[in-house]
Amino acid sequence: MTHPPEKSPQTVWNAVDAYFSEQLVGHDPVLDAATADADAAGLPPIAVAPNQGKLLHLLALTQGARRVLEVGTLAGYSAIWLARALPDDGELLTLELDPKHAEVARGNLVRAGLEKVVEVRVGRAADSLAALVEEGVEPFDLVFIDADKPSNPEYFRRALELTRPGSLIIVDNVVRGGRVADAGSTDPAVVGTRALHALIAAEPRVSATSVQTVGSKGYDGFTLARVVS
C-alpha cells in the first residue's frame, strides 16, 4: 500500500494561515494592492501576514491607542492595519530608512485614505528616535518595532523614553527560526535579539513575554512588553 507523501511543516503552516485568514480576516482590496505594489517595486516579502496584521489592529484597539509609533515601514502594510484602529484624532508616525520603501508606503497610504493620519519619516531610525526624544513629543500609546534586528536594543531603549506607564511595545521577529536560543550565535540579528531580551529582563519598568509563532512567514515570534512604571 502506498501512502501519500507527508506534507512539510511549512505547507501545513501555510494552509492553516490561509484558513484562519479566510475565516477571520477576509480579503481587503487596499491591503491586497499594498502587497502587490510592494512586490512590483521589488521590496522584500517580509511584511507581516494578514492574520498578524489583524492582531496588531486588535492590540491597538484594545489598547485604545491614539498615538502609535512604528519602527520599520517597508510598504506600509502594517501601518495601514495599525492606523485603521486609531480614533478620529489619532496619529501614527512610521520610520523608514529606505526612500524607495517610503515612496511605495506613501502611495499605499494615500490609496487607503490614511495620508492625513500617518506620517512617514525617512532616515536612520536611531536618529529619528533620538530627535523625537529631544523634541519632547507626547508619549506614544503603542510602539511596533520591526526593523533591523541588530539595532533592537537601541530601538527599545528609545521606545521606553517615548512611552508612558500603560503603553505597549511590540517587537517582531524575535525567534529567528529558533536561533535566538543559541548563545554562541554570531549572527548579528540573533546577537541583537538576545541583547534586547537581556535588556528587557533587567528592566524594571516593563513586564514582558515572548510568543513563538508558525505560519506563512515561517517559524518566528514576537515580544510584547507593557510599560508599568
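Ratio of Rg to Rh for region 181-227, alpha carbon only, Kirkwood?
With Rh from the inverse mean 1/r over Cα pairs, Rg/Rh is 1.01.
Report the antiparallel proportion of the DSSP beta bridges in the chain as a percent, rounded to a multiple of 5.
So the antiparallel bridges in the chain amount to around 45 percent.
Along the positive direction of the dipole of the chain (beta-carbon charges: Lys, Arg +1; Asp, Glu -1; about the Cα centre), which of N108, G42, V228 reaches farthest?
Of the candidates, V228 comes out farthest on the positive side.
Please sort 185-195, 201-211, 50-60 by packing, taking for each peptide the average over its residues of neighbouring beta carbons within 10 angstrom, highest first.
Averaged packing, sorted descending, gives the order 50-60, 185-195, 201-211.
What ranking do 95-101, 149-155, 221-227, 17-23 get when scored by the average of other Cβ atoms within 10 Å per residue, highest first?
In decreasing order of mean packing, 95-101, 149-155, 221-227, 17-23 become 149-155, 221-227, 95-101, 17-23.
Considering only protein heavy atoms and a 1.4 Å probe, what is the carbon-and-sulfur percentage of the accessible area of the chain?
Reported share for carbon and sulfur atoms: 56 percent.
When the dipole is taken about the Cα centre of the chain, and only Lys, Arg (+1) and Asp, Glu (-1) are charged at their Cβ, what size is it in debye, to the nearest 20?
Dipole size: approximately 460 debye.
Given 5 Å bins starting at zero, what is the percent of C-alpha pairs of region 56-96 in each, up to the one with the largest pair distance?
6, 28, 37, 20, 9, 0
The values are calculated or read from the model by the stated rules, or taken from the named source; none is laboratory data. The model shown is predicted, which means the values in this text are computed figures rather than measured ones. Neighbour counts are summed over all protein chains in view; Cβ atoms, including those assigned to glycine, are modelled from backbone coordinates with ideal geometry. Ligands, DNA and RNA are excluded from the accessible area calculation, which covers all protein heavy atoms including side chains. Shrake-Rupley method; radii C 1.70, N 1.55, O 1.52, S 1.80 Å.
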